[in-house]
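Okay, so here's the structure we're looking at.
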Ligand SMILES: Cc1ncc(COP(=O)(O)O)c(C=O)c1O
């Protein structure tokens with residue numbers, strides 16, 4: 001027992017060794033366990049993470065799209081500690097608590113329209129799972145048990161619980177995993193860059209909305225319970241749908257009495273400069289919104305599924321006689337997580353973080369778009385403080401291995417230069433802490449610029465790649 005690591009000093013080599021031997025990470029590549037060069041995160045402050053050697057790194061992805069207010073906030077630690085000492089846990093079945101009740105009201109107030117009923121979960125997957133299960137439950141209560149199918153989209157990511165994972169549209173992720181293929185159906189990608197095929201954006205939008213309507217008609221409106229969509233597909237590569245897309249999809253959903261679930265696990269809590277993007281950015285009032293991540297800025301796990309009055313009223317009160325929504329978690333409404341969320345929101349309000357995002361986002365978008373002059377860059381896209389620099393990708397012969405190799409190289413160069421990137425294959429995705437300043441944006445974009453150019457030199461030297469005609473022209477213009 002004496003030589004176990006817990007309770008004694010461990011150095012970097014030992015941390016790596018323990019990590020390799022014992023910790024199975026998300027999306028672990030099992031053939032090469034331990035070969036990934038994961039940063040050993042030791043400390044965080046503002047937009048920076050410090051590794052165990054004390055090197056300062058800009059956190060480009062903001063944790064996992066969640067570090068909104070930045071790291072090292074003492075008042076967050078104090079709010080959390082205070083609640084731990086007062087009451088670390090209470091059963092959400094048999095009791096309630098001040099932090100959870102107050103937070104539920106606050107979320108209802110921040111959410112658009114009549115989305116006033118908050119179901120607390122442990123994170124994003126469980127928020128989505130709750131929303132999906134609610135849509136099926138809802139139809140059972142209304143006496144339409146056949147109205148169960150869920151429509152999602154290619155490249156969507158909605159989580160890792162069974163139903164949420166079933167609604168996630170990355171085929172590669174399903175190679176070794178089972179999913180519900182009976183009740184979950186997919187629409188083609190809304191990525192204009194890859195699939196626009198000579199259409200105007202307006203025509204592309206019409207085609208994408210039509211995909212939804214045709215799918216509902218094909219499955220039969222009486223069989224479709226819900227449509228789930230991220231306002232901006234995040235893990236799918238920061239895909240911003242064409243203008244008007246969500247609004248028109250909502251109209252289609254209303255026409256066929258299909259619930260619209262807006263998955264705001266990434267876009268909620270400031271990423272696009274608003275508490276929620278559904279109404280303020282995309283002009284829709286969905287039936288259900290799911291959120292997590294930025295709700296606590298990643299300080300503690302928490303998620304929420306927010307249901308509209310309109311929908312809730314149909315299955316509760318007189319109409320819900322004898323009905324139980326049999327869904328919940330030991331940690332639903334965890335008082336410490338809720339206290340953290342309340343403090344997080346207080347910081348947002350006091351520091352005018354939403355206003356700050358709206359102020360710096362155009363600069364961020366302008367700076368990242370300048371990178372499209374680099375021949376290795378295929379497309380740059382984004383909105384608010386979320387962006388993606390996709391490297392190459394327009395040559396049909398490019399393989400997954402090639403894309404991965406490029407992403408890994410860029411990542412390694414950037415890491416050495418002081419930026420954590422963690423690309424999604426060949427896509428350098430940014431979702432920095434919302435407190436980032438203009439000069440920090442310059443630092444971040446400057447490092448990526450150098451990282452991509454160094455990679456380009458590497459692969460040109462090795463004869464793996466050379467700039468194509470289009471890309472070369474883009475570099476000159
Ligand atoms: C849009 C979206 N929904 C749901 C999830 C799942 O959230 P979690 O990882 O907290 O379970 C994610 C995670 O990245 C996400 O991006």
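The values are calculated or read from the model by the stated rules, or taken from the named source; none is laboratory data. Bear in mind the structure is a predicted one, so any value in this text is a computation, not a measurement. Virtual Cβ from ideal backbone geometry, glycine too; neighbours counted across all protein chains shown.
Some values worked out for this structure:
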{"item": "Residues of the stretch 27-54 that turn out to be at pLDDT below 95 and assigned to a loop (DSSP other than H, G, I, E, B), as a count", "result": "14"}
{"item": "Conditions (1) in contact (Cβ under 8 Å) with a residue 40 or more places away in the chain; (2) more than 29 Å from residue 42 (Cα to Cα); (3) not in a loop (DSSP other than H, G, I, E, B): number failed by residue 63", "result": "(2)"}
{"item": "Residue 106 vs. criteria over 26 Å from residue 222 (Cα atoms) and more than 15 Å from the ligand (Cβ to nearest atom)", "result": "yes"}
{"item": "For residue 225: the one exception among (1) part of a helix (DSSP H, G or I); (2) touching a strand residue (DSSP E or B) at 6+ places or on another chain (Cβ under 9 Å)", "result": "(1)"}
{"item": "Odd one out for residue 464, checked against (1) surrounded by fewer than 17 Cβ atoms within 10 Å (Cβ to Cβ); (2) outside any loop (DSSP other than H, G, I, E, B); (3) touching a residue at least 12 places away in the same chain (Cβ under 8 Å)", "result": "(2)"}
